[in-house]
1. Would a scan of segment 48-61 turn up a residue that is exposed (fewer than 14 other Cβ atoms within 10 Å of the Cβ), under 11 Å from the mean Cα position of the chain (by Cα) and assigned to a loop (DSSP other than H, G, I, E, B)?
2. In segment 1-41, which residues are part of a loop (DSSP other than H, G, I, E, B), touching a strand residue (DSSP E or B) at 6+ places or on another chain (Cβ under 8 Å) and among the acidic types (Asp, Glu)?
Amino acid sequence: MLKKGDKVVMHTCMEAEIHDGKIWTCRTDEYIQGEGVYEQRLVFLDGFGSSFLVKYLQRVNLEGENTYANS
């Protein structure tokens, strides 16, 4: 489940090709809209104009991102 503040990248969708490698920040917690076959898991992303399907997002772990900065 994605939470507000999580970092994610898009994958396997048209938007992923346009925003290749861009790291997004979740503006909201993941939420469910619709019921049954119409159920969708969505999240809002900072800088993206609408909600986005969670199934096309992968969480990114940026802890230790500077571990090799001086190598």
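1. No, segment 48-61 contains no residue that is exposed (fewer than 14 other Cβ atoms within 10 Å of the Cβ), under 11 Å from the mean Cα position of the chain (by Cα) and assigned to a loop (DSSP other than H, G, I, E, B).
2. Asp6, Asp29, Glu30, Glu39
Taken together, the values in this text are just the output of simple stated rules run on the coordinates, not laboratory data. This one's a predicted model, so the numbers in the text were calculated from it and none came from an experiment. With ideal geometry, Cβ positions are generated from the backbone for all residues, glycine too; neighbour counts draw on all protein chains shown.
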